[in-house]
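Participant: Handing you this structure, nothing more for now.
The values are calculated or read from the model by the stated rules, or taken from the named source; none is laboratory data. Because the structure is a prediction, the values reported are computed rather than measured. So basically every Cβ, Gly included, is an ideal-geometry build from the backbone, and we count neighbours across all protein chains shown.
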Amino acid sequence: MEDKKKYAWLSYIIMGSAQIMKGEYIKGIFLLLVEILTIVFGIPYFAHGLWGIWTLGVTKFHFNEQGVAVFDHSIFLMLQGIISILLILIIIGIYVYNVRDAYKAKEEKKTTLRDKIDRNFHWIFITPGLLSLVFLILLPIVFTILIAFTDYSAPYHLPPRNLVRWVGLQNFKEIFGLKIWNKTLSGVFIWTVTWAVLATVTSFFVGLMWALIVNSSGVKIKKLWRTIFIIPYAVPGLISMLIMRLIFSGQGPINDFIEHIGLQRLGWLTDPHLAKFTLVLINMWLGAPYFMALMTSILTNIPKDLYESSDIDGATAFQKLRHITIPMVLYSTMPLLISSFAYNFNNFMLIYAVTGGGPVNPNYRYAGHTDLLISWIYKMTLNQQQYHMASVVTIMIFLIIAPIVAFSFTRSKSFREEDLI
Amino acid sequence: MSTNTSTSEIKLVKKKKKLTPKTIALRALVYTFLITNTIFILFPVLWIIGSSLNPGNSLYSSTMFPKNPTFIHYKELFTKTDYPIWYKNTLKIAFLNMIFSTILTTFNAYVFSRFRFKGRKPLLVTILVLQVFPSFLTLTAVYVLLMNLGLYNTHIGLVLFYAGAQIPGNTWLIKGYFDQIPKSLDEAARVDGATNFTTFTRIIMPLAVPIIVFLALTSFIGPWMDFIFQSLILSSAEKKTLAMGLMEMVTGQSNTKFTLFAAGAILVAIPITILYAFLQKYIVEGLSSGAVKS
């Protein structure tokens, strides 16, 4: 054994060599393969990628003598750069493992393939998930963050016609410094926060009210009422939202009814203030059933003796609600309430499907009266191709939402049993 | 009301209370509340059903209770529009997403719940941080990435993205559930010679059915509701989904597809509503697992 360890240094140069000498062929060949692939395919790709992310390309779009378009695509180069960095990190990880493993003694026991698989089971099982995590989530996030530091936007900085440049913090300076951007940002931000609070609070309390009333002692056939009140939750959200858009539209049934009783038709979705109110109303319809479903089980878990002893003390129904039910329910649902806030903060679908962010606000850049930060980002990305500013706002949302989600998460069960901090 | 101390007497008082005019008034109030809310809840649903049966095709001319109801729009959906294609595409995407998401997430959750290995905690924290970043803030990146991989305008590209995006949040959810299954069961299985894989399929999975049903259901339903990524990733007519098609019917400039939309919406809502009704138990369990347990 000592004899075999002598060759361990070899694995610094040739990955897997020590393992092969130890007789661990599968592992050794795998490591060797990693090295070969890295040298043959990896290095050219990485070199180009790293050069690409550093320079974002140097060749401007033009036609060469043969009439073929020649250009560097800055965004593809940036992507290649990020992929290169991620892959290099993974390869370094494998390399470090390879060297450490080389100095380890060979497993004494004779093991079958089945045992080997079983021993490394967790790594095998987790690899698909981790790879998707790195390439489908981490990669896009890094990419989005980096875009905020470039000038990637229509009309003059759009590949392949033009190159994109690194601009440092200029976009951040602009969004806070330039009046039109600044005004849009603050306006949309204030409405987003107001909306998230109103939307969460209204559906929470309507849900609670429904649950309390349906479960109160005097009500017969509770199951029927509960089923009716849960219906909006079961109807696919997008469908409900589109239906609501039609119901509240200029020639929709609500206005028909209003006209019928002799009043003026209202711009439910076209008047800036009324549109906001309508959105909250619609969200109540969509969101309250969820809270009702939750409350029903939470209410039955409140210890009965609390109510009994308060009866003895002569508490009124309102006092019981105020001092027992609401605190108990709030305590149990706090994490969900917070995540509901975070959800509404980014409730793109509702805004997009019902008002589309409208009515138009001439004082805003690329945003309407009811646009949330998230739908503003969407418009900047897909309609206006202002990718750089969209990324800046994305980073801001992240900085606002992250602490909120993190806070609510640290209180959940799954997290508490894990002593991570 | 009463300062009596014995509980039996309180019950007596309560029984008497039922007869007073005050309780009758209260009950009338409660039922009025329930009925008005029922109208508020059911109106949109009934309205869209009624509309789908209207003979005309514009919002303006349709009524909630048509005089001569017709199923013509349901027929037209299948003969005059791409509705069957959208339906087929959506079903395919939903089904694939369900399979991919469930496998990826339960695998991850099992490993994090049952194994203690180097790098476990940093990984868990990383997943947590990633979860905080709303997945669709990365629109542009996803678009460019799929373009690069040649997966733009393919269903598989969309499914890959969906399945990936749900991993962080759901891994924690499922892991929390797995953590509650006693470890002694695993150990007993190990003593009997089970491998990690058989422990997973024979012990953990059967005991985690409620949360897995919840996960499968939410990943199945997701693609029916999402519009953003579909409109970003899919571009050609034969790749279109229900969400995209229905959205166009409503937001399109011509105002002539309203009743078609109504019929199309109902054909989507019916199966999903039934699915929810049957799996209600699991949904409530899954949803409330984020609440603080007392």
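Participant: Against the definition (more than 26 Å from the chain's Cα centre (by Cα), more than 10 Å from every other protein chain (Cβ to nearest Cβ) and surrounded by 22 or more Cβ atoms within 10 Å (Cβ to Cβ)), how does residue A:306 come out, yes or no?
Facilitator: Values: more than 26 Å from the chain's Cα centre (by Cα): yes; more than 10 Å from every other protein chain (Cβ to nearest Cβ): yes; surrounded by 22 or more Cβ atoms within 10 Å (Cβ to Cβ): no.
Taking the combined requirement at face value, the residue does not satisfy it.
Participant: Which of the residues belonging to the stretch B:111-123 are surrounded by 17 or more Cβ atoms within 10 Å (Cβ to Cβ) and at the interface with another protein chain (Cβ under 7 Å from one of its Cβ atoms)?
Facilitator: B:111
Participant: In the stretch A:239-274, which residues are in contact (Cβ under 8 Å) with a residue 60 or more places away in the chain and more than 24 Å from residue B:257 (Cα to Cα)?
Facilitator: A:271, A:272
Participant: When residues of the stretch B:175-219 are filtered for being more than 9 Å from every other protein chain (Cβ to nearest Cβ) and within 26 Å of residue B:278 (Cα to Cα), how many remain?
Facilitator: Going residue by residue through the stretch B:175-219, those that are more than 9 Å from every other protein chain (Cβ to nearest Cβ) are B:178, B:181-194, B:198-199, B:201-219.
This time we only want the ones that are within 26 Å of residue B:278 (Cα to Cα), so: B:178, B:181, B:201-219.
Selection size over the stretch B:175-219: 21.
Participant: In the stretch B:223-243, which residues are within 14 Å of residue B:92 (Cβ to Cβ) and surrounded by fewer than 18 Cβ atoms within 10 Å (Cβ to Cβ)?
Facilitator: Answer for the stretch B:223-243, where residues must be within 14 Å of residue B:92 (Cβ to Cβ) and surrounded by fewer than 18 Cβ atoms within 10 Å (Cβ to Cβ): just B:238.
Participant: Kindly list the number of the only condition in (1) more than 30 Å from residue B:252 (Cα to Cα); (2) more than 10 Å from chain B (Cβ to nearest Cβ); (3) surrounded by 15 or more Cβ atoms within 10 Å (Cβ to Cβ) that fails for residue A:262.
Facilitator: Exception for residue A:262: condition (3).
Participant: On to the next question. Within the stretch B:128-158, restricting attention to residues that are in contact (Cβ under 8 Å) with a residue 12 or more places away in the chain, more than 22 Å from residue A:78 (Cβ to Cβ) and within 11 Å of chain A (Cβ to nearest Cβ), which residue is surrounded by the most Cβ atoms within 10 Å (Cβ to Cβ)?
Facilitator: Looking at the filtered set, the residue picked out is B:131.
Participant: For the stretch A:380-392, name all the residues that are more than 10 Å from chain B (Cβ to nearest Cβ) and surrounded by fewer than 19 Cβ atoms within 10 Å (Cβ to Cβ).
Facilitator: A:383, A:384 - these are the residues of the stretch A:380-392 that are more than 10 Å from chain B (Cβ to nearest Cβ) and surrounded by fewer than 19 Cβ atoms within 10 Å (Cβ to Cβ).
Participant: If you take the residues in the stretch A:42-75 that are modelled with pLDDT of 90 or more and of a type in the set (Phe, Trp, Tyr), which one is farthest from residue B:149 (Cα to Cα)?
Facilitator: Among those residues, the one meeting the criterion is A:54.
Participant: Being modelled with pLDDT of 85 or more and in contact with a Pro (Cβ under 6 Å, 6 or more places away or on another chain) narrows it down to one of A:285, A:268, so name that one. Full working, then the answer.
Facilitator: Values: A:268 fails: in contact with a Pro (Cβ under 6 Å, 6 or more places away or on another chain).
Result of the check over A:285, A:268: A:285.
Participant: Please determine whether any residue of the stretch A:177-191 is within 14 Å of chain B (Cβ to nearest Cβ), in contact (Cβ under 8 Å) with a residue 12 or more places away in the chain, in a helix (DSSP H, G or I) and not charged (D, E, K, R). Spell out how you get there, then give the answer.
Facilitator: Step one: of the stretch A:177-191, the residues within 14 Å of chain B (Cβ to nearest Cβ) are none.
Looking for residues that are within 14 Å of chain B (Cβ to nearest Cβ), in contact (Cβ under 8 Å) with a residue 12 or more places away in the chain, in a helix (DSSP H, G or I) and not charged (D, E, K, R), one finds none in the stretch A:177-191, hence no.
Participant: Taking the stretch A:203-238 only, how many residues are facing chain B (nearest Cβ under 9 Å), part of a helix (DSSP H, G or I) and without any contact (Cβ under 8 Å) to a residue 60 or more places away in the chain?
Facilitator: Total meeting the criteria: 8.
Participant: Please verify whether residue B:165 is more than 17 Å from the chain's Cα centre (by Cα), among the aliphatic types (A, V, I, L, M) and at the interface with another protein chain (Cβ under 7 Å from one of its Cβ atoms), treating the condition exactly as stated.
Facilitator: Numbers: more than 17 Å from the chain's Cα centre (by Cα): no; among the aliphatic types (A, V, I, L, M): yes; at the interface with another protein chain (Cβ under 7 Å from one of its Cβ atoms): yes.
When the stated conditions are applied, residue B:165 does not pass them.
Participant: Considering only the stretch B:179-294, give the helices (runs of 4 or more DSSP H) lying wholly within it that have at least 2 residues that are more than 30 Å from residue B:113 (Cα to Cα) and at pLDDT 85 or above. Can you show your working first?
Facilitator: Working: elements: B:183-191, B:209-225, B:228-233, B:242-251, B:258-278, B:280-288.
In the stretch B:179-294, the matching helices (runs of 4 or more DSSP H) lie at B:228-233, B:242-251, B:258-278.
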